[in-house]
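The values are calculated or read from the model by the stated rules, or taken from the named source; none is laboratory data. Nothing here was measured: the structure is a model prediction, and the numbers come from that model. No Cβ is skipped: glycine too gets one built from the backbone with ideal geometry, and neighbour counts run over all protein chains shown.
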Amino acid sequence: MAALRALTGFDTECFGSPLNVHKDTVRYYTEFAADGVFGAYHDAFKSAWSGSMELNPEYTPEALLRAVRQAVSCAKAATAPFLAVAVLPAWDDSPTEGREGVAAQVRLQPRLIVDEPDVDAE
């Protein structure tokens with residue numbers, strides 16, 4: 001993610017946590033309103049996304065699909081450049097789950113696929 005952050009300059013994280021938010025993140029959204037004491041914003045879905053951001057939703061089919069649909073909707077409505085980098089799991093047990101299933105349901109194509117041993121979250 002560090003390389004993507006350097007390349008894109010994204011400074012917003014949707015679906016984050018005060019326990020693992022990146023030090024250079026300016027704005028992050030969490031599931032819990034109580035995280036506001038740590039500087040988090042609550043409920044990314046109630047905000048109009050803009051600029052450049054990282055998406056790492058909960059790994060449930062519903063949450064993944066909702067996040068990708070929100071990103072597509074915001075991209076279509078954007079009047080300025082918009083970039084959402086989504087972290088999606090690679091599940092092999094269901095055609096409607098994971099990166100391919102979610103992408104297919106909203107007509108997206110995955111552009112970068114990283115095998116788990118190659119992942120460095122920093």
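The condition of being crowded, with 18+ Cβ neighbours inside 10 Å, modelled with pLDDT under 80 and in a loop (DSSP other than H, G, I, E, B) holds for only one of LEU88, LEU108, that being LEU88. Within the stretch 33-52, the set of residues being within 11 Å of GLN70 (Cβ to Cβ) and surrounded by 18 or more Cβ atoms within 10 Å (Cβ to Cβ) comprises ALA44, TRP49. One residue is enough: does the stretch 58-65 have a residue meeting the conditions surrounded by 12 or more Cβ atoms within 10 Å (Cβ to Cβ), modelled with pLDDT of 90 or more and of a type outside the set (Gly, Ala, Ser)? No, the stretch 58-65 has no match at all. (1) within 17 Å of ASP11 (Cα to Cα); (2) at pLDDT 85 or above: which one isn't true of VAL68, the others all being true? Condition (1) is where VAL68 drops out. Residues that are modelled with pLDDT under 90 and of a type in the set (A, V, I, L, M): does the stretch 24-43 have at least one? No - not one qualifying residue is present in the stretch 24-43. On the stretch given as the stretch 29-50, residues that are farther than 20 Å from PRO89 by Cβ, in contact with a Pro (Cβ under 8 Å, 6 or more places away or on another chain) and not hydrophobic (A, V, I, L, M, F, W, C) total 2. Scanning the stretch 26-60 for residues being among the hydroxyl-bearing types (Ser, Thr, Tyr), in a loop (DSSP other than H, G, I, E, B) and free of Cβ contacts under 8 Å to residues at least 24 places away in the same chain gives a total of 2.
LYS23 passes every criterion in (1) buried (at least 17 other Cβ atoms within 10 Å of the Cβ); (2) among the basic types (Lys, Arg); (3) in a loop (DSSP other than H, G, I, E, B) apart from (1).
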